[in-house]
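These notes concern the structure reproduced below.
The values are calculated or read from the model by the stated rules, or taken from the named source; none is laboratory data. Worth saying up front: this structure is predicted, and the values here are computed from it rather than measured. Please note: Cβ atoms are built from the backbone with ideal geometry, for glycine as well, and neighbour counts cover all protein chains shown. Surface areas here come from the heavy atoms of the whole protein model, side chains and all, with no ligands, DNA or RNA. Shrake-Rupley method; radii C 1.70, N 1.55, O 1.52, S 1.80 Å.
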Amino acid sequence: MTEAAPSPTSKPATASSRGRPAGATRKGLETRVRIIKGAREALEEGGMEALTTRRIAASAGVKLATLHYYFDSKESLLLAVLEDLIADMEVAYRHDVALPEEPEDRVEALIRASWRYIQRTRDKQIAQTELTLYALRTKGSEWLAARQYNAYIDFYGHLVFEDDTDEELRRIGRAVARQMLIGIDGIILQSYALQDLSASNDDIEALIIAMRGYFRRLMAEHGKAS
């Protein structure tokens, strides 16, 4: 991983592109966690421009050689950061609300939990948007943007149908998740740009109504096909 230019790669996340294994020692695991935390802090505080190896190493309290040992490219580190962000999001959602039994009610609960989380984590939301744009702008790194959004879709889709062993229900969960993300992403940017909380709250209510209707339509089609 170099300061001047990110390492372009067109490969999907493999063992090497995800970063070298931390090893079995506690010290190794703790070092990897510190590096990821340092990268997250740099990204959230200063955006992609602040995500330099020197700043990350200083924040993590490690030498540059150690940083390069654990993460051999910028993309491998960003993937680890992405996975860490999603893990935090899942913990926050689980603690925020007990999801209802009915999947349609879960859709509403997830949107509301998402909106509460978004309002608490402005810097994190902007950082995730910057990560997406970086991946799309950087030749060979497009796979990172695809991985990012597939991870979000899987996250929401699984929470709609926690028991998603049924392939068709899994497809419905992912379809609902995609539409939820379209709405939520738009509301995030509009909310931060216009700084009109009342309007954003109205947008969330409109998204809930739309997603309930979309969910019912998909389930009705599923019932007819069964």
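Points to keep in mind about this one:
- Accessible-area composition of region 119-226, carbon plus sulfur, in percent [1.4 Å probe]: 53
- Test item: Cα-centred dipole of region 73-221, Lys/Arg +1 and Asp/Glu -1 on Cβ, debye: 540
- Cα-Cα pairs of region 23-71 separated by more than 13 Å (percent): 49
- Dipole magnitude (debye, nearest 20) for region 23-71, charges at Cβ of Lys, Arg, Asp, Glu: 300
- Point-charge dipole on Cβ atoms (K/R +1, D/E -1) for region 41-161, about Cα centre, debye to 20: 540
- Treating each Cα of region 36-167 as an identical point scatterer and summing with the Debye formula, the log10 of I(q)/I(0) at q = 0.16 Å⁻¹ comes to -0.86.
- Farthest towards the positive end of the charge dipole of region 23-71, among the residues TYR69, ALA50, ALA39, is the Cα of TYR69, using unit charges on the Cβ of Lys, Arg, Asp and Glu.
- Of the trypsin sites (Lys or Arg not before Pro) found in region 117-208, those that fall in a DSSP loop while having at most 11 other beta-carbon atoms within 10 Å are LYS139.
- Calculated from backbone phi, Karplus (6.51, -1.76, 1.60) coupling profile of region 99-109 in Hz, x at Gly/Pro: 5, x, 6, 6, x, 5, 5, 5, 4, 5, 4
- Taking all C-alpha pairs of the chain, those more than 32 Å from each other amount to 27 percent.
- Net charge over other residues, Cβ less than 12 angstrom from the Cβ of TYR117 (K, R count +1; D, E count -1): +3
- Relative to the current alpha-carbon distance between ALA206 and THR66, full extension at 0.36 nm per residue lengthens the span by 45.5 nm.
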